[in-house]
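A.B. asks: This is the structure I have questions about; it appears just below.
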Amino acid sequence: MNKRFFGDVTALLGRSLRHIGRSPDTIITTAITPIAMMLLFVYVLGGAIRTGDHGKYVDYLLPGILLITIASGISYTAYRIFLDMKGGIFERFQSMPIARSSVLWAHVLTSVVANLISVVVVIVVALLMGFRSGAGVLDWLAVAGILLLFTLALTWLAVIPGLTASSVEGASAFSFPLIFLPFISSAFVPTDSMPGPVRAFAEHQPVTSVVNAIRSLLGDQPLGDDLWTALAWCLGLVAVAYLFAMSVYRSKIA
Amino acid sequence: MTEDVTPTIQVKGLEKSFKDLHVLRGVDLEIARGTIFALLGSNGSGKTTTVKILSTLLKADAGTATINGYDLATQAAEVRESISLTGQFAAVDEILTGRENLGLIAKLRHQQDPGRIADDLLDSFSLTDAGGRKVATYSGGMRRRLDIAMSLIGNPPIIFLDEPTTGLDPQSRLDVWDTIKGLATGGTTVLLTTQYLDEAEQLADRIAILHDGTIIVEGTLAELKRLYPPATVEYVEKQPSLEDIFLAITGTPSAAGNAAEN
């Protein structure tokens with residue numbers, strides 16, 4: 001990292017933000033699946049789901065839907081990195097006197113911006129569906145912080161298939177299991193209705209603690225340990241995914 | 001050549017294997033400043049691998065190289081300051097416009113006034129009219145011209161061109177040739193790989209033939225010609241080649257080349 005790093009990242013960030021600006025369909029397709037799920041669960045299945053003392057089901061559901069939004073959004077990050085690798089532009093950047101990690105950081109920051117937009121779109125739709133929150137500014141900032149860390153963790157994870165995949169399908173398919181992870185968590189139904197082993201998995205995987213933390217913040221409920229567990233998961237995932245992605249990157253750039 | 005006799009590119013014993021495939025088996029090269037050097041070879045002979053190693057994209061298994069006075073292995077950052085790579089496939093951003101592509105590279109090369117640099121280059125490569133269009137709409141020849149224009153930003157003293165005319169139509173090919181000749185006239189050192197013998201013959205001051213991972217012969221065109229049986233005189237009716245006919249029918253004077261020589 002040197003003094004050029006920020007200038008180079010800014011130039012490359014401008015480039016990939018233009019890509020998003022010129023193909024807004026990437027934002028729309030990212031948001032459309034979670035919105036469809038939200039409609040399905042609230043208006044079709046939700047009536048039969050008991051969530052305990054929570055009020056409206058859409059309030060209960062939204063945190064999990066936001067995580068699904070991010071999980072589907074990062075597949076575009078893998079896709080964009082894959083295209084740079086296949087076209088010659090990645091090699092052009094690597095043969096230029098630029099800070100070498102700036103190419104990846106630009107994609108990562110672009111992913112953060114794109115996912116932020118998608119998340120806002122989904123929240124707006126949720127508001128139209130009757131979602132209401134009594135959360136204050138600090139609570140919302142905490143929610144934004146958790147979502148940011150979650151996005152960074154999944155984005156650095158997405159960098160790995162982006163760099164290594166041999167086909168477009170391979171580059172974007174890895175996100176499907178991530179989209180399904182919220183189903184085996186507290187995102188849609190409380191975990192205490194699940195059979196033993198499933199419940200054990202659900203309660204100890206990162207999505208549950210992240211969902212519970214966001215739900216408590218938005219619902220003005222006591223946070224308990226969920227916030228710290230969620231932060232530990234997110235920071236741990238960011239660190240591991242970053243280190244792994246960077247080692248893959250270094251092996252690619254000689 | 002009298003004031004500066006140190007070769008600007010010096011390569012000794014370069015070796016590279018991909019698993020069991022021994023691509024380079026000891027390549028030696030010396031390229032003088034301001035000359036066009038053609039690395040000639042068939043597909044799979046190791047031309048691209050050589051260029052990738054010299055442009056710091058791949059690490060050699062063995063051997064040393066000095067580029068513009070910098071050691072390839074230990075001063076990669078300085079080497080990257082000195083070179084520009086135009087790879088085998090046009091390395092342009094399809095979604096950006098031509099002008100934005102040039103501006104991006106100018107920013108990454110830390111130039112003052114990227115906008116003016118972009119406009120000047122669009123002008124000298126006859127791309128001004130297309131400058132505001134997405135590159136996805138460009139023809140192969142326009143893409144290659146933009147690609148080469150991007151490589152000139154920051155005036156790197158050494159330019160690597162990996163098969164610059166593969167897949168181009170005859171007119172675009174002539175335009176690219178004119179551009180390359182213009183570069184060497186301006187003092188840039190050009191290392192060019194090609195599988196077209198006439199391309200090397202047209203452009204290169206010196207030619208090396210890479211075969212099975214080593215340089216089997218190296219010299220000027222005249223030197224190479226002396227290695228082979230003396231020319232015999234035959235009388236053959238001069239028929240126009242299909243290329244001559246094609247250019248005569250469709251021919252417009254080479255605009256990009258004329259401008260690049262200014």
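Derivation of every value follows stated rules applied to the coordinates shown; laboratory data play no part. Owing to the predicted nature of the structure, the values given are computational and were not obtained by experimental measurement. A quick note on method: Cβ atoms are made from the backbone with ideal geometry, for glycine too, and the neighbour counts reach across all protein chains shown.
A.B. asks: Of the listed pairs A:Lys252/B:Lys16; B:Lys59/B:Lys181; B:Lys181/B:Lys225; B:Lys59/B:Lys225; A:Lys86/B:Lys52, which have alpha-carbon separations greater than 26 Å here? Write down the numbers at each step before the final one.
C.D. replies: Working: A:Lys252/B:Lys16 16 Å; B:Lys59/B:Lys181 30 Å; B:Lys181/B:Lys225 22 Å; B:Lys59/B:Lys225 35 Å; A:Lys86/B:Lys52 15 Å.
Among A:Lys252/B:Lys16; B:Lys59/B:Lys181; B:Lys181/B:Lys225; B:Lys59/B:Lys225; A:Lys86/B:Lys52, the Cα-Cα distance tops 26 Å for B:Lys59/B:Lys181; B:Lys59/B:Lys225.
A.B. asks: Mean separation of Cα pairs under 8 Å and 6+ residues apart, divided by the residue count of chain A: what relative contact order is that in percent?
C.D. replies: Reported relative contact order: 26 percent.
A.B. asks: A further question follows. Can you give the Kirkwood hydrodynamic radius of region B:112-180 from its Cα pairs, in Å with one decimal? Provide the component values of the computation, followed by the final result.
C.D. replies: On the way: mean 1/r = 0.0788 Å⁻¹.
Computed over Cα pairs of region B:112-180, the Kirkwood hydrodynamic radius comes out at 12.7 Å.
A.B. asks: Once you have a ≥ b ≥ c as the square roots of the Cα gyration tensor eigenvalues for region A:131-240, tell me rounded if a/c is under 1.5, and otherwise prolate or oblate according to whether a/b is larger than b/c.
C.D. replies: Details: a/c = 2.16, a/b = 1.42, b/c = 1.51.
Oblate, because a/c is 1.5 or more while a/b does not exceed b/c.
A.B. asks: As a test of understanding, state the convex hull volume per residue of region A:4-252 from its alpha carbons, in Å³.
C.D. replies: On the way: hull volume 33.2 nm³, N = 249.
Dividing the Cα hull volume of region A:4-252 by its residues yields 133 Å³.
A.B. asks: Work out the mean other chain Cβ neighbour count within 10 Å for the residues of A:93-104 and drop it here as an integer. The partial results should precede the final answer.
C.D. replies: On the way: counts 4, 6, 16, 15, 13, 6, 2, 4, 0, 1, 1, 0.
That average works out to 6.
A.B. asks: Also: If we count every other residue with Cβ under 11 angstrom of A:Thr10's Cβ, Lys/Arg +1 and Asp/Glu -1, where does the sum land?
C.D. replies: Details: positive: A:Arg4, A:Arg15, B:Lys107; negative: A:Asp8.
Net charge around A:Thr10: +2.
A.B. asks: Please work out the C-alpha center-to-center distance from region B:64-143 to region B:180-246 and express it in whole Å.
C.D. replies: Region B:64-143 and region B:180-246 have Cα centres spaced 27 Å from each other.
A.B. asks: Over all residues in A:7-14, what is the mean tally of Cβ atoms on other chains that come within 10 Å of each residue's Cβ? Let's see the in-between values first.
C.D. replies: Numbers: counts 3, 3, 0, 1, 9, 3, 0, 5.
Whole-number average of other-chain Cβ neighbours for A:7-14 is 3.
A.B. asks: A follow-up question, please. Report the equivalent ellipsoid semi-axes for region B:1-118 in whole Å, largest first, defined as the square roots of five times the eigenvalues of the gyration tensor built from alpha carbon atoms.
C.D. replies: Details: eigenvalues 159, 78, 37 Å².
Values for region B:1-118, descending: 28, 20, 14 Å.
A.B. asks: For chain B, compute Rh as the Kirkwood radius over C-alpha pairs and then the Stokes-Einstein diffusion coefficient at 25 °C and 0.890 mPa s; write the answer in µm²/s, rounded to an integer.
C.D. replies: On the way: Rh = 19.5 Å.
Calculated translational D: 126 µm²/s.
A.B. asks: Two-decimal Rg/Rh of region A:18-138 from alpha-carbon positions, Kirkwood Rh? Intermediate results must be reported in sequence, preceding the final value.
C.D. replies: Values: Rg = 18.4 Å, Rh = 16.4 Å.
Over the Cα atoms of region A:18-138, Rg/Rh equals 1.12.
A.B. asks: Taking every pair of alpha-carbon atoms in the protein assembly as shown, what share in percent sits in each 10 Å bin, from 0 to the bin with the longest distance?
C.D. replies: Reading the bins upward from 0: 4, 16, 23, 20, 14, 11, 8, 3, 1, 0, 0.
A.B. asks: With both partners inside chain B, how many of the DSSP beta bridges are antiparallel, as a percent to the nearest 5? Mind showing how you got there, number by number?
C.D. replies: On the way: 21 of 39 bridges.
Beta bridges within chain B, antiparallel portion: roughly 55 percent.
A.B. asks: With r as the distance between the Cβ atoms of B:Thr232 and A:Ala36 and R0 = 56 Å, compute the FRET efficiency 1/(1 + (r/R0)^6) and round to 0.05.
C.D. replies: On the way: r = 78 Å, r/R0 = 1.39.
The value I calculate is 0.10.
A.B. asks: Over the whole of B:82-91, what's the average partner chain Cβ count within 10 Å per residue? Rounded to a whole number, please. Can you show the working numbers first?
C.D. replies: Numbers: counts 1, 3, 3, 6, 3, 7, 2, 5, 4, 9.
Partner-chain Cβ atoms within 10 Å, mean over residues of B:82-91: 4.
A.B. asks: Highest mean first, how do A:71-81, B:40-50 rank when packing is the count of other Cβ atoms within 10 Å averaged over residues? Walk me through the intermediate numbers first.
C.D. replies: Values: A:71-81: 25.9, B:40-50: 19.8.
Listed from highest to lowest mean packing, they are A:71-81, B:40-50.
A.B. asks: Which aspartates and glutamates, if any, have their Cα less than 17 Å from the Cα of B:Lys19, not counting same-chain residues under 8 positions apart?
C.D. replies: B:Asp61, B:Asp212
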